[in-house]
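Read the structure below first, then the notes.
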Amino acid sequence: MIYFDNSATTAIKPKAVSKAVYEVLNSGTYGNPGRDSSDFSVHSSDVVNHAREQLKELFNVPSTELISFTYNVTESLNTVLKGLLQKGDHAIATNYEHNSVIRPLEQLKANRGVEVSYLPFDKNTGRLETEKLAELVQPNTKLLVCTHASNVTGYVLPIDEIADFCHEHNLLFIVDAAQTAGYEDIDIQKTGIDILCFTGHKSLYGPQGIGGICLRKPLEIEPLKSGGTGIQSFNPAMPDELPTHLEAGTINVPGIAGLSAGVSYVLDHGTENIRAGVKHLTDMIQDKLAEFPNIKVYTPRDVATTGVVSFNLEDVNAADVGQWLWDEYQIASRSGAHCAPKVHETYGTVEQGIVRLSLSSFNTEAEVNVLLKAIDQMMTESEA
Ligand SMILES: Cc1ncc(COP(=O)(O)O)c(C=O)c1O
C-alpha cells in the first residue's frame, strides 16, 4: 500500500511519536499537568512545557505563554475568529480557504452580523490576486485570515506580502498553517503574523487530536470554552493569563507528547531538507503528468508549493480515478471535493472533483515510480 494522502493526515509517523504517546499512557507516572505538585503532575507539566519550548523555536514565538494548545486547527480557528469578531466587524479571507475558516466566518455572518469578503485567485495560474486586496478593505475591517497553502493544489500564498498589507491597514493577520507547519519556514515575528493556528497531525507528524494557537503578542480573545484550569478556582471567569485563558479543561498530554516527538523530527531534519526531499518526488510526478496534454494539472510549477500534486484526466470523475488508483495499485489519494468549496468553484470542479496526491518526507522514489507506472497504464487504458 502506498500512502499519498498526507495533506489529510500523515499516516506514517516517526517511530518516536508512538513511543512518546505510549510512554505517557503506559508508564503510570503522568498525571494532570499543572494541577498539583506531585511528580505525576510535574511529569506531565514537563512534557507540555518542553513542547511549548519546541514550538517557540519552530515558529519563533516570543514566549511560551503565547502558545495555547487546542485539539486541532479547526478549534484554533474557531477560537480566534469567534473570540475576536463582534457585530459590525468585517473580515477578509480568500477563495483558497478550507471550511475551517469559511464555516466559522459564515456562522458569524449569520449569527452575529459580521461582514466577510473573499479575495479571489487566478484560475489559470493559481496566483492570489493580492492587487485587489485594497478594494476589499472597509472602515470596519478588523482582520484578515488566510490559509498559508491551499489544501487542494498546494499553492503557497504570499504571506509576507499579505502581512505587509495588514500592517499598513492596521488589520490583525491570522494564518491557518494546517498545510505548512513543519514544512514551510514560519517565523511569526519576522513575517508579522499576529496569530498562527496549527494542527499537529499533518506535517508536524504528531497524532490526531492536538493543535494550537501561537500569538505574536498578547491579544484579547474571548475564550471559546470555559472551565477548569487548575488555577484561580474561585474566579467565575477564565483566568486572563495566557496560555491558560484559552485552555479550559484537561489538555491532551499524550497528544502533546506525540506532537513533541514529531516536532523534534522536524527540527532535527530541518524544514529545508524536508522540502527538498518532497520536492524531488513531486517534480517526478509533475514531469510524468506533463507528458499528457489531456491531463490538467492544478498545482503550479513556477511558484512555491507544498507536497501536493493535483490533477484531472479530461472530464473523468476524480473519485473514479482515485478508486482506480486504489483498486489497481493500492495507492491512496484524496479524490473528490476537499473541504475548500471556493477552490472547486473557481476551477469549475464542483461536480468532477480533483485528484490530489500529497506526499510527506516518508514517501520514497520507489513509491513514486509505482505511481508513474500507474499513470502510464491509466493513460493507455483511457486511450483504448
Ligand atoms: C488548510 C486547512 N485548514 C484546516 C484544516 C483542518 O484541520 P483539522 O481537521 O486538523 O482541524 C485542514 C485539514 O485538512 C486544512 O487543510
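Since every read-out is calculated from the coordinates, none of them should be taken as a lab result. None of the values given here were measured: they were computed from a predicted structure. Every residue, glycine among them, receives a Cβ derived from its backbone with ideal geometry; neighbour counts consider all protein chains shown.
Quick notes
- You can think of it this way: the chain between Leu372 and Arg35 has 115.9 nm of extra reach, that is 0.36 nm per residue less the Cα-Cα gap.
- J(HN,Hα) series, the range 174-179, from Karplus relation 6.51 cos²θ - 1.76 cosθ + 1.60, nearest Hz, glycine and proline x: 10, 10, 8, 9, 3, 8
- Taking 7 Å steps out from each Cα toward its Cβ at Glu106 and Lys132 produces label points 1.9 nm apart.
- From most to least packed by mean Cβ count within 10 Å, the peptides 152-159, 242-249, 263-270 give 152-159, 242-249, 263-270.
- Residues with amide H under 5 Å from that of Asp5, placed H, sequence gap 5 or more: Ser358
- Under Karplus coefficients 6.51, -1.76 and 1.60, residue-wise ³J(HN,Hα) of the range 106-113 in Hz, glycine/proline x: 5, 5, 5, 5, 6, 9, 10, x
- Convex hull (Cα only) mean projected area of the range 214-373, reported in nm² to one decimal: 13.6
- The packing ranking, built from the mean of other Cβ atoms within 10 Å per residue, places the peptides 227-234, 55-62, 127-134 in the order 55-62, 127-134, 227-234, highest first.
- Note on Lys56: lysines with a C-alpha under 19 Å away, same-chain residues under 8 apart excluded, are Lys190, Lys202, Lys217.
- Taking amide hydrogens as placed 1.01 Å from N in the peptide plane, the amide H of Thr306 sits under 5 Å from those of Tyr155, Val156, each at least 5 positions away in sequence or on another chain.
- Using alpha-carbon coordinates, inclination of helix 271-289 to the longest axis of the chain, degrees: 20
- Computed Rg/Rh of the range 65-221, alpha carbon atoms with Kirkwood Rh: 0.93
- Karplus (6.51, -1.76, 1.60) ³J(HN,Hα), θ = phi - 60°, over the range 331-347, in Hz, Gly and Pro reported as x: 9, 8, 10, 10, 10, x, 8, 10, 6, 9, x, 6, 5, 5, 5, 5, 7
- Sequence-separation-based contact order of the chain, relative, with Cα cut under 8 Å and 6+ spacing, percent: 24
- Near Ala149, the amide H atoms lying under 5 Å from its own belong to Leu157, Gln179; only residues 5 or more places off or on other chains count, and H is placed 1.01 Å from N.
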